[in-house]
Amino acid sequence: MKITPTAVLDHARSDEGRKQIRYAAVSVVFVPVGQIMVQLLRWVFGVNEVLAVFATACVLTLPNYLANKYYVWQHDSKDNRATEITVFWLAAVLGTAFAMAFVFIAGRIVPEESSELAHAIAIFVAQLLGYGIVWVARYLFLDRLIFKATHGGEEPTAEVLDDLHHDFPV
């Protein structure tokens with residue numbers, strides 16, 4: 001596949017490209033907010049970095065879900081809401097688990113005693129890595145399975161909705 005500036009612009013103007021830009025835009029908001037919360041909890045309130053990641057995820061998961069549902073996928077249907085929330089929550093738990101594990105490992109590799117700045121940077125990078133892995137997988141999963149009825153910007157037929165409900169009978 002040859003990537004040219006024209007091809008990139010054409011993709012950015014397509015429905016799929018605009019959706020990917022919206023997905024990235026939501027992350028541009030939530031990643032810094034999450035990082036600031038983790039650092040504040042860690043350095044101002046003295047919360048262990050792993051618990052700070054967990055607390056931040058607890059606070060930001062619902063607003064992140066709503067931003068993705070309504071802004072990224074522009075999906076305002078109430079059909080199958082339980083499935084959407086369950087899948088999104090599971091992705092959030094998985095991302096948080098990865099981030100917590102990477103933060104734990106980073107905290108051991110770069111202990112706070114060696115350098116507070118190096119420790120803070122290691123925690124930052126570890127959290128981004130943990131969430132980043134799941135971020136890509138979550139987009140692909142949500143786009144291909146959960147919000148697939150919104151592709152093309154048209155309301156799905158009753159038959160398509162019925163098929164979707166059988167895909168994820170939550």
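Here are the numbers:
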| item | result |
| --- | --- |
| Calculated P(r) of segment 71-115 - Cα pairs past 13 Å, % | 69 |
| Per residue convex hull volume, Cα atoms of segment 3-52, in Å³ | 95 |
| Extension gain from Q20 to L90, taking 0.36 nm per residue of separation minus the Cα-Cα distance | 23.1 nm |
| Label-point gap, in nm, between I121 and W43 - each point 7 angstrom along Cα→Cβ | 1.3 |
| For segment 121-127, Karplus couplings with θ = phi - 60° (6.51, -1.76, 1.60), whole Hz, Gly/Pro x | 5, 4, 5, 4, 5, 4, 5 |
| Table column - 3J(HN,Hα) (Hz), segment 51-63, Karplus curve with 6.51, -1.76, 1.60, x for Gly and Pro | 5, 5, 5, 5, 4, 4, 4, 4, 6, 9, 5, 5, x |
| Normalised contact order of segment 1-87, rounded percent, pairs of Cα under 8 Å and 6 or more residues apart | 27 |
| Segment 1-140, accessible surface, carbon-and-sulfur percent (1.4 angstrom probe) | 74 |
| Derived scalar couplings ³J(HN,Hα) [segment 39-45; Karplus, 6.51 cos²θ - 1.76 cosθ + 1.60; whole Hz; x for Gly, Pro] | 5, 5, 4, 6, 8, 8, 9 |
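The values are calculated or read from the model by the stated rules, or taken from the named source; none is laboratory data. These numbers come from a predicted model, not from an experiment. Ideal geometry is used to build each Cβ from the backbone, glycine not excepted, and the neighbour counts take in all protein chains shown. Surface areas here come from the heavy atoms of the whole protein model, side chains and all, with no ligands, DNA or RNA. Shrake-Rupley method; radii C 1.70, N 1.55, O 1.52, S 1.80 Å.
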